[in-house]
1. Order these by the 10 Å Cβ neighbour count, fewest first: 305, 215.
2. The range 6-64: Rg/Rh from Cα coordinates, Kirkwood Rh?
3. Arrange the following residues from fewest to most other Cβ atoms within 10 Å of their Cβ: 49, 64.
4. Can you pick out the pairs among 82/168; 134/216; 77/168; 11/249; 11/60 whose Cα atoms lie more than 26 Å from each other?
5. Less than 11 Å Cβ to Cβ from residue 242, Lys/Arg counted +1 and Asp/Glu -1: what total charge do the surrounding residues give?
6. Among 248, 338, 113, which comes first, then next, by fewest other beta-carbon atoms within 10 Å?
7. What order, most packed first, do the peptides 142-152, 36-46 have when packing is the mean number of other Cβ atoms within 10 Å of each residue?
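Quick note: the coordinates plus some simple rules give every number you see, no bench work behind them. Model, not experiment: these values are computed from the prediction. With ideal geometry, Cβ positions are generated from the backbone for all residues, glycine too; neighbour counts draw on all protein chains shown.
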Amino acid sequence: MLNHIEPLLGKTLQELQAIAQEVGLPRFAGKQLAEWLYVRRATSFDEMTNISLKGREALKARYTVGRHAPVAEAISKDGTKKYLFRISNSPQGVPYPIGDSRPIPDSKASFIESVYIPDDDRATLCVSTQAGCKMGCRFCMTGTLGFHGHLTAADILNQIFSIPDADKLTNIVYMGEGEPMDNLDNVLRSLEVMTSAWGCAWSPKRITVSSVGIIKGLKRFMEESDCHLAISLHNPFAAERQEIMPIEKVHHLSDVIALLKQYDWSHQRRVSFEYICWGGVNDTPKHANELLRLLKGLDCRINLIRFHVSPSTGKADLQRSDLQQSDLQQSDLPSSHEASMLWLRDYLTAHGITTTIRRSRGEDILAACGMLVNALKTSNG
């Protein structure tokens, strides 16, 4: 097993200043380290030429930069790219640095996936925040992995910095594997790096963080970050939502909405709701009217999402309106008809909630919403 060496990636300016002094460098070298890490995107200490050789050697003895390249890639016919990253808390030890060709064991618990989505003048990266997920949503393939650990801030940022198209990114969504509010310390740390003047200096408007609705985490997130928020809603009726999202048993959607209504979303910051559509299950007039009632008075928008069925079930074309909610299994959730989604979009928009249908991307490489399951193989796997 490799010995763990702490990465500098993910450290704040204040922490980097303390580290500089710890290894015998002047305090101002901390700002130089921040620039090398977050502006110049250095992958090794040898690149940091304005830091003394002695200082670089001292850093090497105690730290690693924290950058490592993806170990596998899949490219969709629509241009979407999915990347497989080894995580730092994997049983095999720290990730191998960029350029290292040592073989990597093929264990899904040791990896996470990220998805790059180019679209005209936008390029979005969907990043993971945990290995697997605890939430157990019945429509999400990631939940079948189980939970294997929180990603560090370095793990999160490395996804953003180390994909081949990193310099093309315009937006980031924290909508990959895991529940961001369940790993909030590391999520907030990564957001601080991305949005601080000493870090990447991104506008918070370019970043969206999703959640199933963990209330304590949401409160802290809304107080400490100005990034956009997306809530996984999927059904406005508590009993029905509980059937597909166990979190409803603990954190009720009505309480989540009540909390959101305490904040002002009418300016630059935005809250949206993710809504996967299932035929006859949650795309009916009854559900539309309950959505309007539930969200009344909240400045928000809704994103309708097509359901992507696992190819292993062979049921991607299911269109059934006669299912009882309690009868639904993960593989039996029926996709909505296109006409039903268009009606729901137009009805909600006409009644005051801006609603769009999200275009599916990367379904052929298991990169679409709810499909991340670490299915990529490494080159030696």
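1. 215, 305
2. 0.89
3. On the way: 49 10, 64 21.
Lowest count first: 49, 64.
4. With Cα atoms farther than 26 Å apart: 11/249.
5. Net charge around residue 242: 0.
6. Least to most surrounded, the residues fall as 338, 248, 113.
7. Numbers: 142-152: 20.1, 36-46: 17.8.
Ranking the peptides 142-152, 36-46 by packing returns 142-152, 36-46.
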